[in-house]
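The structure under discussion appears below in the form of structure tokens.
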Amino acid sequence: MDRRRTMKMLLAGFGAALLSVGSLTLVSPAMAQQQRVSPADTVEATIGGVSVKIAYSRPYVKGRQVVGNLIPFGKVWRLGANEATTLTTSGEIAINGLRIPAGEYSLFMLVTEDGGPQLIVNKVAKQWGAFKYDQGQDLGRVTIDGEQELPHTEQFTIAMETTSAKSGRLSFAWGDGKAWATVSVP
């Protein structure tokens, strides 16, 4: 009798443990969305009547070296964290002269040790980071201005501001550096 009773107790305990693990598994993806280390953000501006929106995730420096480490030299970087950063435009715009038709795109950056950073506009909007980045899908690349040794920006920040009726400034700040480009409506 004691043996049967012990087996029933073990099985009941095992079933409860499985139920608990199953519940955690069901809750886990929702909790992960709420507790992202690099939270999502959106920047929007209207330039010359065209709506421009950038959706991205904002990683922190956390004492690490940014350029050459978090943003590796000579490798395409996702311009943020998590999913690839997306650019959505309601009409044609140009970034430093690169014409971009209305639509949705992903943005990447390439930094080299001997040249200015390049902003990359890719035609595949929905992708995870730069892991499946395909250079053959680039709409184009454009060199942008950059500067180091500026006041520290702990959390990666993209900003967009209108500077005239048909142009604006797009900037990227992180760590002790900043890069920027002109956005215009042709």
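Taking 7 Å along the Cα-to-C-beta vector as the label spot, tell me the E161-K132 distance in nanometres, rounded to one decimal.
Reported label-point gap for E161 and K132 is 3.8 nm.
Say a paramagnetic label sat at a point 7 Å from the Cα of T88, along Cα to Cβ; which residues of the range 126-166 have their backbone N under 18 Å from it?
126-129, 158-160
Using a simple charge model, +1 on the beta-carbon of Lys and Arg, -1 on the beta-carbon of Asp and Glu, nothing else, what dipole does the range 37-184 show about its Cα centre, in debye to the nearest 20? Can you show the working numbers first?
Values: 14 positive and 15 negative charges, 69 e Å.
Once rounded to the nearest 20, the dipole reads 320 debye.
Could you compute the net charge surrounding E161? Neighbours are other residues with a C-beta less than 13 Å from the C-beta of E161; K and R count +1, D and E count -1. Before the final figure, lay out each step's value.
Working: positive: R169; negative: E44.
Charge balance near E161 sits at 0.
Please give the per residue volume of the convex hull enclosing the alpha carbon atoms of the range 37-184, rounded to a whole number of Å³. Walk me through the numbers on the way to the answer.
On the way: hull volume 14.6 nm³, N = 148.
Spelled out: Cα convex hull of the range 37-184, divided by residues, is 99 Å³.
Provide the net charge surrounding Q148, with neighbours chosen by a C-beta distance below 10 Å and charges set as Lys +1, Arg +1, Asp -1, Glu -1. Mind dumping the intermediate values first?
Working: positive: K178; negative: E147, E149, D176.
Spelling it out: positives minus negatives among the neighbours equals -2.
Bear in mind these aren't lab numbers, they're just calculated from the coordinates by the rules spelled out. Small disclaimer: the values here were computed from a predicted structure and weren't measured. Cβ atoms come from the backbone with ideal geometry, glycine included; neighbour counts cover every protein chain shown.
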